[in-house]
Amino acid sequence: MEQEQTMTEISNFPTANLASWEWQYQGACRQAEATLFFHPDGERGPSRRKRDAAAKAVCAQCPVIEICRKQALAMREPYGVWGGLTEDERMQILSSQSRNRNRFAAS
Ligand code: SF4
């Protein structure tokens with residue numbers, strides 16, 4: 001009987017793809033709880049602001065914050081704190097960039 005493959009076979013990934021994510025090994029969040037960076041279902045108000053602030057404090061000390069932020073915006077990461085930005089902050093930046101592109105295209 002053939003054994004079912006249960007894990008992603010990362011050796012099949014293109015090399016360039018792996019290299020573009022290597023910066024994550026230097027992320028300060030590797031020493032933190034992942035739950036700090038991703039809100040649980042239904043989290044709102046002060047609890048959410050407090051957790052986001054704590055995650056952003058970790059990001060502020062991170063040596064790869066710039067590339068992390070760039071990648072999160074480019075990939076349109078839908079959830080979590082990445083590069084010191086919450087998902088709402090990233091959405092605002094992306095919306096603003098889109099409005100600016102449309103403005104230039106119309107002129
Ligand atoms: S900037 Fe924040 S989310 Fe990105 S790698 Fe660093 S600590 Fe992790």
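Any read-out appearing in this document is the output of simple, stated calculations on the displayed coordinates, not a laboratory observation. Values in this document were obtained by computation on a predicted structure and should not be read as measured data.
Could you work out how much longer the chain between D41 and A28 gets when fully extended? Use 0.36 nm per residue separation minus the Cα distance between them, nm to one decimal. Show your work: numbers first, answer last.
Details: separation 13, 0.36 × 13 = 4.68 nm, distance 2.45 nm.
Length gained between D41 and A28: 2.2 nm.
Rounded, prolate or oblate: which fits region 31-101 when a ≥ b ≥ c are the square roots of the eigenvalues of the alpha-carbon gyration tensor, with rounded for a/c under 1.5 and prolate only if a/b beats b/c?
On the way: a/c = 2.17, a/b = 1.31, b/c = 1.66.
Because a/c hits 1.5 or more and a/b fails to exceed b/c, region 31-101 counts as oblate.
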